[in-house]
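The values are calculated or read from the model by the stated rules, or taken from the named source; none is laboratory data. Just so you know, these numbers come straight off a predicted model, no measurement behind them. Cβ coordinates were reconstructed from backbone atoms using ideal geometry, including for glycine residues, and neighbour counts include every protein chain displayed.
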Amino acid sequence: MDTKLIEYIIKIADEGSITKAAEKLFITQSALSQQLQKLEKEVGTPLFIRNKAAWAPTPEGHVYLDNAREMLRIKQKTYTIIADMVNKHNGYLSVGMTPGRGYDMFSYVYPIFHNMYPEFTVEPRELSVKQQQEAVHRGELDIGFVTLTDSQKINDEYIDLYKEEIYIAIPEEYPVSPEYLKTGDKYPTLPLSALQYEPFVMMYKESTIRKTVDQIFRDAGFAPTVLFETSSNITILSMIRAKLACGLLPYHYVKQKPEGIKFFRLPFRPTWKVCVTYPKNAYLSKAAKDFIKLANGYWQDDN
């Protein structure tokens, strides 16, 4: 099934430029332009609005692109089903993961997966949750491991792996009232209001955890003083360790027991979810299912 022309047109749309698309496709711009003109003549209408800033699909172009992406998904699904039927052990799997925790998971899973499928090519891609969702929706990513709430899921498939609790993190030497330390629990419970006059370091507003964190502060009855916003939980840990601020972190970083930081549970035990996402109505290959199973084992151990 030759879908090269379809892939060319989708690449133009994704790049917003015929020049950039040609570079990514390793063909000349004139050759790509000829292919586009030929297709537009065939369908009887322009598919893109041309301008110097960016190429944008026309209404007819959007119709073509939506159906073109669906055709590629059908092709991939067909080939994957056949590969499973004939017990084919070579192939390709693109895997999305978030910075930080994603690398830890992949380092654990890949050696085991490689022993199971030595002829399989796995392409790991470190992307934010939003970037993974967009790539999955476009059919550019087979599976993506994401952390979010149910309200942040979009119209693709999701498998919930487990719920992860959010913890308070403060400098180790921060004076905590003895009344919160009497229980002897590994992670005593501390009301967030006890820190309402302290500065906080937070994940940037576009991150999926920020919505959860903002709600935690609303439930606690105050707006935090935000010293710094970042895209990295490692940065949050570093700033807390340096005694510059407090923070809220998922359990994945708590269990690593970083030095110079102590952790507390919140009274209402807020959580979000670790999930795997893949394109809507897509067929998951046996290899993809095995990769997910291995990752789930890692997350369960992590929990």
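If you check every pair at least six apart or on different chains, which have Cβ atoms under 9 Å apart with a residue in segment 38-64 that is in the same structural domain as Thr19 (by TED's automatic domain parsing) and in contact (Cβ under 8 Å) with a residue 40 or more places away in the chain first and a residue that is exposed (fewer than 15 other Cβ atoms within 10 Å of the Cβ) and outside any loop (DSSP other than H, G, I, E, B) second?
Close Cβ pairs satisfying both conditions: Trp55/Ile49; Ala56/Ile49; Pro57/Ile49; Pro57/Val63; Gly61/Ile49; Tyr64/Val43.
Would you be able to say whether some residue in segment 254-269 is outside any loop (DSSP other than H, G, I, E, B) and under 18 Å from the mean Cα position of the chain (by Cα)? Step through it out loud before you land on a result.
Residues of segment 254-269 that are outside any loop (DSSP other than H, G, I, E, B), as a first pass: 254, 261-265.
Narrowing further to those that are under 18 Å from the mean Cα position of the chain (by Cα): none.
Within segment 254-269, none of the residues are outside any loop (DSSP other than H, G, I, E, B) and under 18 Å from the mean Cα position of the chain (by Cα).
Is it the case that Glu173 is buried (at least 16 other Cβ atoms within 10 Å of the Cβ) and over 24 Å from Arg73 (Cα atoms)? Working first, answer last.
Numbers: buried (at least 16 other Cβ atoms within 10 Å of the Cβ): no; over 24 Å from Arg73 (Cα atoms): yes.
For Glu173, the condition - buried (at least 16 other Cβ atoms within 10 Å of the Cβ) and over 24 Å from Arg73 (Cα atoms) - is not met.
For segment 3-58, enumerate the residues that are closer than 18 Å to Arg138 by Cβ and among the basic types (Lys, Arg).
Residues satisfying the conditions are Lys4, Lys11, Lys20, Lys24.
Being of a type in the set (Asp, Glu), modelled with pLDDT under 90 and either outside any helix (DSSP H, G or I) or surrounded by 15 or more Cβ atoms within 10 Å (Cβ to Cβ) (or both), is that true of even one residue in segment 78-92?
The answer is yes, given that some residue of segment 78-92 is of a type in the set (Asp, Glu), modelled with pLDDT under 90 and either outside any helix (DSSP H, G or I) or surrounded by 15 or more Cβ atoms within 10 Å (Cβ to Cβ) (or both).
For every residue, the table says whether it meets (1) among the hydrophobic types (A, V, I, L, M, F, W, C); (2) in contact with a Ser or Thr (Cβ under 7 Å, 6 or more places away or on another chain); (3) assigned to a loop (DSSP other than H, G, I, E, B).
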| residue | (1), (2), (3) |
| --- | --- |
| Glu179 | no, no, no |
| Lys182 | no, no, yes |
| Glu206 | no, no, yes |
| Thr212 | no, yes, no |
| Gln215 | no, no, no |
| Arg218 | no, no, no |
| Phe222 | yes, yes, yes |
| Leu227 | yes, no, no |
| Met239 | yes, no, no |
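Right, Lys257: charged (D, E, K, R) and closer than 29 Å to Tyr298 by Cβ or not?
Details: charged (D, E, K, R): yes; closer than 29 Å to Tyr298 by Cβ: yes.
In short, yes.
If you go through segment 96-112, how many residues are touching a Leu at 6+ places or on another chain (Cβ under 8 Å) and either modelled with pLDDT under 85 or buried (at least 20 other Cβ atoms within 10 Å of the Cβ) (or both)?
Adding up the residues that qualify gives 4.
The conditions are (1) hydrophobic (A, V, I, L, M, F, W, C); (2) under 20 Å from the mean Cα position of the chain (by Cα); (3) surrounded by 14 or more Cβ atoms within 10 Å (Cβ to Cβ); (4) more than 15 Å from Ile170 (Cβ to Cβ), and Ile234 fails exactly one of them. Which is it?
Evaluating Ile234 over (1) hydrophobic (A, V, I, L, M, F, W, C); (2) under 20 Å from the mean Cα position of the chain (by Cα); (3) surrounded by 14 or more Cβ atoms within 10 Å (Cβ to Cβ); (4) more than 15 Å from Ile170 (Cβ to Cβ) leaves (3) as the failure.
Name the one entry in Lys289, Lys262, Lys243, Lys255 that is at negative phi, in contact with a Phe, Trp or Tyr (Cβ under 9 Å, 6 or more places away or on another chain) and of a type in the set (Lys, Arg).
Values: Lys289 fails: in contact with a Phe, Trp or Tyr (Cβ under 9 Å, 6 or more places away or on another chain); Lys243 fails: at negative phi; Lys255 fails: in contact with a Phe, Trp or Tyr (Cβ under 9 Å, 6 or more places away or on another chain).
On inspection, the qualifying residue turns out to be Lys262.
Would you confirm whether or not segment 135-150 contains a residue that is closer than 19 Å to Trp272 by Cα, without any contact (Cβ under 8 Å) to a residue 12 or more places away in the chain, part of a helix (DSSP H, G or I) and out of contact with any His (no Cβ under 9 Å at 6 or more places or on another chain)?
The answer is no; no qualifying residue exists.
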